[in-house]
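What follows is a short report on a single structure.
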Amino acid sequence: MEFFLISLLNGVSYGLLLFMLSSGLTLIFSMMGVLNFAHASFYMLGAYFAYQISVKFGFWPALLMAPLVVGVLGALVERFMLRRVHKFGHVPELLLTFGLAYLIEEFVHLIWGRSSLDYKVPTEMDGPLFTLYTTTFPMYRGFMMLVAVLMLLAIFLVLTRTRIGLVIQASLTHPDTVEALGHNVPRVFMLVFGGGCALAGLAGVIGGNAFVTEPGMAAAVGSIVFVVAVVGGMGSLAGAFVASLLIGVIQTFAVAMDYSFVTLLKSAGFVITPDTFLYSLWKLTIAQTAPILPYLFLVLILIFRPRGLMGTREG
Amino acid sequence: MAQGAQKIVFRPLNLARCIIWSGFALLLLVLPLFFNKGFALTLMCQIGTIMIFSLSFNMLLGQSGMLSLGHAVYSGLGAYFAIHMLNLIGKGWLFPVSLLPLVGGLAGALFGVLFGYVTTKKSGTPFAMITLGIGELVFAMSLMFPEFFGGEGGVSSNRIAGEPLFGFITFGPQIQVYYLVAVWLFICTAAMYAFTHTPLGRIANAVRDNPERVEFIGYETQRVRYLVLIISGFFAGIAGGLGAINFEIVSSENVSAIRSGTVLLFTFIGGVPFFFGPMIGAVIFGFFIVVLATITKAWLLYLGLFFVMMVMYCPGGIATLIMMQFPIVKAGRFREIFPSYCLAVAAGLTLLAALVFAVEMIYHLSLEAAAGTTKAFFGYDVEVASATPWLGVALLSGIGAVLFVAARRGISTHWDRIMGDIIRSQTA
Amino acid sequence: MNAPAPMPVIAAALELRAVRKSFGVTEIIRGVDLAITKGERHAVIGPNGAGKSTLFNLISGRFGVSTGAILLNGGDLAGLKPFEINRKGLARSFQITNIFANLSVFENIRCAVLYPLGYKYSFWKALSTLKDANLRADEILELIGLKKRRDVKAGLLTYAEQRALEIGITIAGGAEVILLDEPTAGMSRSESDQAVELIRKVTVGKTLVMVEHDMSVVFSLADRISVLVYGEVIATDVPEKIRGNAAVQEAYLGTSLAEGAH
Ligand SMILES: Nc1ncnc2c1ncn2[C@@H]1O[C@H](COP(=O)(O)OP(=O)(O)O)[C@@H](O)[C@H]1O
Ligand SMILES: [Mg+2]
């Protein structure tokens, strides 16, 4: 029970972090048809900027400023790079963001070096939030969840209560009509792209110190975020939310489970020895399979429900 | 209609085509005469392998409009099967080492059948994302099953195994490997070129251009994509098999996203719209990976910049830049535009110099700070922490920018005038 | 001219039975019954947004019907994909030009003849050795008057030429039933006259269904006319009768009919 609750909490907090990334990715994709390959790179930039700012001014200013800087950077990328290749079609757009991901990683190498940074959780939150049976739940994890939920709320309000939010929302389901109505002004594109990047940056600020801030962090989370977007259904925010939590929880549980077929069958009375056929398969523990679970999930979804959990459009 | 039929001339074996292919064969044959150092030979083997790999990749991207972000899966798994086969040969199995690439190719095709079934259900951006997912899946698996994938260290082997070919070719000396690669390269290039002139190859082009319409002329686009992917996986596997022979080691890096990304980068730089574009890309690959990577730590940054510039300013790649000059050369007017090109090259070099200086100095500050603030540039010691070199960078950038603007204006006016004349003379 | 031939009730080439189609809550096709005889030239007319293109999309398998049935030579098309319907002998053109812009004119046509000639997905035959496919493609080029433009990239053709190519791709496969969606839309008078001649020529002995706005085209080509208004066929008859049909006049034709009758 203890294990279950703690894993669930950890899974949900990780899932919420994934959603902070996948929401921006989904918004950008639905609005502009651009799969932002560099999305996780903006997440990484958020963490690095936050580190740099927190060294000088402390964590709280960083929490505000780093996402802003990342957002502005994203807007500039849209304005001066993406818009240029827009006329060539979606593949060059994707390639551009692909190259950008490369560039950002190298840029990080260039400025901050190749090893991980000492980006720490602020001291005032470096303690337990509560203790469940015998395990403590860190306060910072709680803070992460709070920020994610606040962000979720903010997105919701912007999408439903503001004019631009309505335009964005309409274009999630009817991109062509919105375009025909003359709404898809480049400025909206720029705002959405910048906004999406800022969200990723925010995730970086709070994820960078909760996990690790290093040049490989973008690649580590990048493909998972794509999986979330596809599993949720391309262009569906609700789907992205469900898929983020699902994958976050599944992965967290899996990592903590040391069972394999060997243990399972042993409890059923069968004995498997290293000589058994396909032993390497039977002896794998669930924890060892954790890295492939999201991708396995992706493949299964594609075979059995090609448009994703909550998607309406089929790619 | 009989009259109309008579007028149709079926083109005989094109002379120019004959010349090009014989020239290619001849080039492959004589290259080792000029580059016979061990290092150059290894490099050429690697480039040849990458040529096959990137041609197979472009079968998807350039010919069928499928952007795969996980193509290394096919070459990598092909390589694994080939190296296991090589180990079996070493244990006494009767199979010629020279045909190992075929083992890789069959494995590649087999996995194309398997994975393609899932990935080709989609096209466009979703296809790209799913291939990425499959790539990650295979990579994660490669770390989970060390029995087959060899864990961190990979699987190594010895290519001197089994009976020597014709009694004396053991593939021990690098030059023999070179000719093995050359033969396979020639065969694969010819086969892939031939593929572009078959019904499936042509319909793949149609699917790239307008998948919807293809469904209304009797073809199932998903089936077209699936078949092309399997064939492309076959050739990728051959490249993997050759790589296994060349390096005698295969590790999980062979199936990694980095590999998949690399082939995409260089194929694009070489030029997606033309069949031979990827081959140019492979040569540039050799330059970047081998030459630049040994000179500077920042080579990936330069590569990234180069790639992004190409996407933004020249999405057709180097091959397109070359092909664009043909009408002008044919009209005998290349001389008019040539000075502007020179100016552009000068601008490019100046800007490049500024960039290189800046990047290398920053790198020095961030990575080699312990070694002091002076950096050696082409024999000169530069005080990185002082203002002077940075002023130099600013000056160079300024000059480069001015040159660039001038060159751009020159090229576009000349280009418009010459092309205008050519078009007018054609319609007249 | 077109004698109003009596239409015997043999197995129709194309038959629609109570076909309905809704997008979301809006019903666009509201119960269409139509039988088109083999060898007939049938025109579908009606105001913009009446659902003519949607009807073609249903017949050709681009969309599935909501209810009702569509039969080709007596066989039900329910659930078939566009390529399956095409293989059964039905080809269509598009209102908005839909060609392979980066391929040459010749290649456009050749792509369309490959499947019907049995080359399917083969990757072991060189295109240049497929004599029948090449001959057929060149014949079609001659027929649609694009022989001189054989090696031009299709995307570089003029609008009228692209429309001709669109028709060429549609008929190249030799389908027995041909649907043309506004083949002359956007053409000048002389271009449209040429297009009519082209259509007449290439559909000899075939069953043709065409959507057309230009009344002179309709009256000179069609054996019978159906009038589609708000997703319903309000009349199907020979041109003379349609011209005199009060309901049709009221619902749709008005003055343009008078012009067409000149
Ligand atoms: N895919 C679709 N989704 C929703 N509405 C559609 C779709 N296709 C057509 N419609 C609607 O159906 C109606 C009929 O369109 P269409 O068949 O193109 O008319 P026509 O060809 O007679 O001018 C229009 O109101 C159009 O908006
Ligand atoms: Mg229409």
Delta accessible area of at least 50 Å² on complex formation, residues of the stretch B:191-237, 1.4 Å probe, chain isolated as reference: B:PRO199, B:ARG202, B:ASP209, B:ASN210, B:GLU212, B:ARG213, B:GLU215, B:PHE216, B:ILE217, B:GLY218, B:TYR219, B:GLU220
Formal net charge of residues neighbouring C:ALA78 (Cβ-Cβ distance under 12 Å; K, R +1; D, E -1): 0
Report the percentage of all Cα-Cα pairs in the stretch C:17-57 whose separation exceeds 17 Å, rounded to a whole percent. 36 percent
In whole percent, what relative contact order does chain C give with Cα contacts below 8 Å and a gap of six or more residues? 26 percent
Let me know the shape class of the protein assembly as shown, please: from the alpha-carbon gyration tensor, a ≥ b ≥ c as square roots of the eigenvalues, rounded when a/c is under 1.5, otherwise prolate if a/b is greater than b/c, or oblate. prolate
On C-alpha positions alone, give me the angle between the axis of helix A:186-210 and the longest principal axis of chain A, in degrees, nearest 10. 30 degrees
Ranked by accessible surface with a 1.4 Å probe, highest first, in what order do B:THR350, C:THR170 come? B:THR350, C:THR170
Just round it to a whole percent: the fraction of Cα-Cα distances in the stretch B:23-322 exceeding 27 Å. 39 percent
For chain C, what does the accessible surface come to per residue with a 1.4 Å probe? Please give it in Å². 43 Å²
I want the local charge near C:ILE96. Using Cβ-Cβ distances under 14 Å, sum +1 for each Lys or Arg and -1 for each Asp or Glu among the other residues. 0
For chain C, what is the mean residue ellipticity at 222 nm derived from helices alone (per DSSP H run of n ≥ 4: -39500 (n - 2.57); sum divided by total residues; nearest 500 deg cm²/dmol)? -9500 deg cm²/dmol
The answer for C:VAL44, listing residues at least 5 apart or on another chain whose modeled amide H is closer than 5 Å to its amide H, is C:MET210, C:VAL211, C:GLU212, C:SER226
Where a ≥ b ≥ c are the square roots of the eigenvalues of the C-alpha gyration tensor, would you call the stretch B:325-427 rounded, which needs a/c under 1.5, or, failing that, prolate if a/b is larger than b/c, or oblate? prolate
Could you do me a favour and compute the accessible area per residue for the stretch A:2-222, 1.4 Å probe, result in Å²? 42 Å²
Per-peptide average of other Cβ atoms within 10 Å, ordering B:144-155, A:117-128, B:15-26, B:42-53 highest first: B:42-53, B:144-155, A:117-128, B:15-26
Collect residues whose amide H, placed 1.01 Å from N in the peptide plane, falls under 5 Å from the amide H of C:ILE28; neighbours closer than 5 in sequence don't count. C:LYS21, C:SER22, C:PHE23
Just to check I understand the Karplus step: with θ = phi - 60° and J = 6.51 cos²θ - 1.76 cosθ + 1.60, what whole-Hz values come out for the stretch C:111-125, glycine and proline as x? 4, 6, 9, 5, 5, x, 7, x, 7, 6, 9, 5, 10, 10, 10
Using a simple charge model, +1 on the beta-carbon of Lys and Arg, -1 on the beta-carbon of Asp and Glu, nothing else, what dipole does the stretch A:97-190 show about its Cα centre, in debye to the nearest 20? 260 debye
Using the beta-carbon distance between B:THR42 and C:GLU197 and R0 = 56 Å, what value does 1/(1 + (r/R0)^6) give for FRET efficiency, to the nearest 0.05? 0.25
Please report the spacing between the Cα centers of the stretch A:1-63 and the stretch C:106-154 in Å, no decimals. 54 Å
Rank these residues by their accessible area, most exposed first, probe 1.4 Å: B:ILE280, C:ILE178, A:ILE286. A:ILE286, B:ILE280, C:ILE178
Probe of 1.4 angstrom, ligands and nucleic acids ignored: what's the accessible area per residue over chain B, in square angstrom? 44 Å²
Mind giving me the FRET efficiency for B:THR427 and B:GLU152? R0 is 56 Å, r the Cβ-Cβ distance, nearest 0.05 is fine. 0.30
Chain A, relative contact order in percent, only Cα pairs under 8 angstrom and at least six apart counted: 32 percent
Over chain B, calculate the relative contact order: mean separation of alpha carbon pairs under 8 Å at least 6 apart, over the residue count, as a percent. 22 percent
Cα-based shape type of chain C, given that a ≥ b ≥ c are square roots of the gyration tensor eigenvalues and the cut on a/c is 1.5: prolate
Peptide B:44-50, shielding by other chains (average Cβ, 10 Å cutoff): 0
Please give the per residue volume of the convex hull enclosing the alpha carbon atoms of the stretch B:12-64, rounded to a whole number of Å³. 87 Å³
What accessible surface, in Å², does a 1.4 Å probe find on B:GLU220, ignoring ligands, DNA and RNA and rounding to the nearest 10? 40 Å²
Chain A, Gaussian network, Cα under 10 Å: of A:VAL178, A:VAL192, A:VAL12, the residue fluctuating most is A:VAL178
Cut-off 15 Å between beta-carbons: net charge of the residues surrounding B:THR42, Lys and Arg +1, Asp and Glu -1: +1
Put A:ILE164, B:ILE89, A:ILE155 in order of accessible area, largest first, 1.4 Å probe: what do you get? A:ILE164, A:ILE155, B:ILE89
Cα-based helix-to-principal-axis angle, A:2-32 vs chain A, degrees rounded to 10: 30 degrees
Which loop-located chymotrypsin sites (Phe, Trp or Tyr not before Pro) does the stretch C:86-157 contain, where loop means any DSSP state but H, G, I, E or B and the Cβ has at most 11 other Cβ atoms within 10 Å? C:TRP124
Taking the 0 to 90 degree range and rounding to the nearest ten, how far is the long axis of helix C:131-144 tilted relative to the main principal axis of chain C, both from C-alpha atoms? 50 degrees
Nearest 100 Å² is fine: how much accessible area is buried between B and A, summed over both sides, with a 1.4 Å probe? 4000 Å²
Taking beta carbons within 10 Å but only from partner chains, what does the mean come to for residues C:93-105? 3
Probe radius 1.4 Å, ligands and nucleic acids ignored: give me the carbon and sulfur share of the accessible area of the protein assembly as shown as a rounded percent. 66 percent
With solvent modelled as a 1.4 Å probe, how much accessible area in total do chains C and B shield from it at their shared surface, in Å² to the nearest 100? 3200 Å²
May I ask which of C:LYS52/C:LYS125; C:LYS88/C:LYS201; C:LYS147/C:LYS206; C:LYS120/C:LYS153; B:LYS122/C:LYS131; B:LYS121/C:LYS125 have a Cα-Cα span longer than 32 Å here? C:LYS52/C:LYS125; B:LYS122/C:LYS131
Give the accessible area for B:ARG417 in Å² (nearest 10); use a 1.4 Å probe, count only protein heavy atoms, and leave out ligands, DNA and RNA. 100 Å²
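The values are calculated or read from the model by the stated rules, or taken from the named source; none is laboratory data. These numbers come from a predicted model, not from an experiment. Heads up, the Cβs are rebuilt from the backbone with ideal geometry, glycines too, and the neighbour counts pull from every protein chain shown. Only protein heavy atoms, including side chains, enter the accessible area calculation; ligands, DNA and RNA are left aside. Shrake-Rupley method; radii C 1.70, N 1.55, O 1.52, S 1.80 Å.
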